[in-house]
Amino acid sequence: MAMGTQTRAVIALILTYAVLGLLMNSVGVVILQSIRHYGVTKTHASSLEACKDLSVVIASFLLATRLPKFGFRRALIASMTLVGMGALLMSIANAFWMTQLFFVLTGICFGTGKVATYASIGLLRPDRAGHASLTGLVEGVFMVGVLIGVWMFSWFIGADATGTDWLHVYWLIAGLCAVAAGLWAITPLDESANEIGAEPESAAAKSAGWRQMLRLLALPTAIAFLVSIFLYVLIEQSIGTWLPTFNNEILHLPPEMSVQASSIFVAALAIGRLGASALLRRIHWLKLMLACIVCVAALVLLTLPTTQGLTLRPGVGWLNAPVAAYVFPLIGVFMAPIYPTLCSVMLTSLPQERHAAMVGLMVIFSALGGTIGSFLTGMIFQHLSGQNAFYMTLVPLTLIAIALIRFDRMIGRGSAHAVPAEA
């Protein structure tokens, strides 16, 4: 692949993934707007989260192993086209049922798009250092997309004079989808490596490609990897989901500022992933990951004690907010490299034709970790305290460190390749 073509493919990959990230993380804002403008109950509005997450799991489970045959480039074009059409319908229909349908569509396209994105990284950067660097870059820009989405939706909501003007944001989103799909349409992607070394499959395997994912679960490395991914997303989603509530109820920030201050965590994740993209070319991945875990634990232990005993004060703003409002979200800088680096190390330890199946498992375990983490943190927050809810992140953090060390040893022994044959 020529350098100019490869660069264009990287740009297309980054743009596609960032648009999907923007939409997946807009669910909180859309829930708020659904309650305000469609008159639905909080319980009914919360169904949007299930529409999004369940469709991600279903798409990853059913479609992941079929994408190599369909084509990753074609899958990304289809995902952007379908999401763009859904965005146009969102701006026209102005109904809650359309909002539910749109998030089902978004979840399906995200599940498909994430598998295609990660598998395409292996085609563009097959070497371990290059793969880790590009994965960090892609995930870093993903978080930039999430951050842009927060402020983009905020701007349209602030300019909403009729109660429906905020839906004009979806015209902009449809335009971004069209740009991404158009860029892929003129950008070739050499996917021949997916066929190299492929093992013959039984008729049963051909009729149920998801069995390839189940076979990967026999790998000790896959188990260590998926446990680590599950625990990491459990922590990230716990903090991301409950940080606005923590800011409001524990730090006593005004509601609007509580939401805005939570964007510091998103920005920190973006900075951490973009920074790690460069560092991973010079530092062994395990040393960097363990250093990041130590820094996260240190910030938790040093910051949360300062939040004890805070009381409600009038006139709290950006200049006189508690220091924890700015310092605690910075754990995102050190958390950020863990997820993309782990994914990169696992994928570069497998043959290219198995990447789609492994990414499918990765997406499923990530979705489960996020859902369970948010639920558990909410229970602890309600029955104990916000500080205890965030202190509990130290437990999965310690387990991740143990799993990483074990994972590195197994990778070093080359056990990632020994996938048992299907019966």
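Brief remarks on what is shown
- Residues in the range 262-304 that are of a type outside the set (A, V, I, L, M, F, W, C) and assigned to a helix (DSSP H, G or I) were compared, and the one that is farthest from residue 149 (Cα to Cα) is 287.
- Picking from residues in the range 270-282 that are hydrophobic (A, V, I, L, M, F, W, C) and either modelled with pLDDT under 80 or crowded, with 22+ Cβ neighbours inside 10 Å (or both), the one that is nearest to residue 347 (Cα to Cα) is 280.
- Condition check for residue 43: loosely packed, with under 15 Cβ neighbours inside 10 Å, at pLDDT 75 or above and outside any loop (DSSP other than H, G, I, E, B): no
- Test result for residue 10, without any contact (Cβ under 8 Å) to a residue 60 or more places away in the chain, buried (at least 16 other Cβ atoms within 10 Å of the Cβ) and not small (Gly, Ala, Ser): no
- Residue match in the range 313-321 (condition: at pLDDT 80 or above, of a type in the set (A, V, I, L, M, F, W, C) and farther than 27 Å from residue 21 by Cβ): yes
- Per-region count, the range 301-349, residues of a type in the set (Gly, Ala, Ser) and more than 26 Å from the chain's Cα centre (by Cα): 4
- Contacts under 9 angstrom Cβ, first residue in the range 234-246 being in contact (Cβ under 8 Å) with a residue 24 or more places away in the chain, partner surrounded by 22 or more Cβ atoms within 10 Å (Cβ to Cβ) and not in a helix (DSSP H, G or I), 6 or more apart: 234/393; 235/393; 236/336; 238/393; 239/393
- Scanning the range 167-187 finds one or more residues that are at pLDDT 80 or above and more than 23 Å from residue 17 (Cβ to Cβ).
- Any hit, the range 13-25, residues being part of a helix (DSSP H, G or I), at pLDDT below 80 and either of a type in the set (Gly, Ala, Ser) or open to solvent by 50 Å² or more (accessible area, probe 1.4 Å) (or both): no
- Residue match in the range 336-356 (condition: of a type outside the set (Phe, Trp, Tyr) and over 30 Å from residue 124 (Cα atoms)): no
- The selection criterion, being buried (at least 22 other Cβ atoms within 10 Å of the Cβ) and either modelled with pLDDT of 75 or more or over 16 Å from residue 332 (Cα atoms) (or both), does not hold for residue 227.
- The range 71-116 - residue that is in contact with a Ser or Thr (Cβ under 7 Å, 6 or more places away or on another chain) and of a type in the set (Val, Ile, Thr) and, of those, farthest from residue 50 (Cα to Cα): 115
The values are calculated or read from the model by the stated rules, or taken from the named source; none is laboratory data. Note that the structure is predicted; figures quoted are calculated from it, not measured. Quick reminder, even Gly has a Cβ in these numbers, built from the backbone with ideal geometry, and neighbours come from all protein chains shown. These area figures cover heavy atoms from the full protein model, side chains too; ligands, DNA and RNA do not enter into them. Shrake-Rupley method; radii C 1.70, N 1.55, O 1.52, S 1.80 Å.
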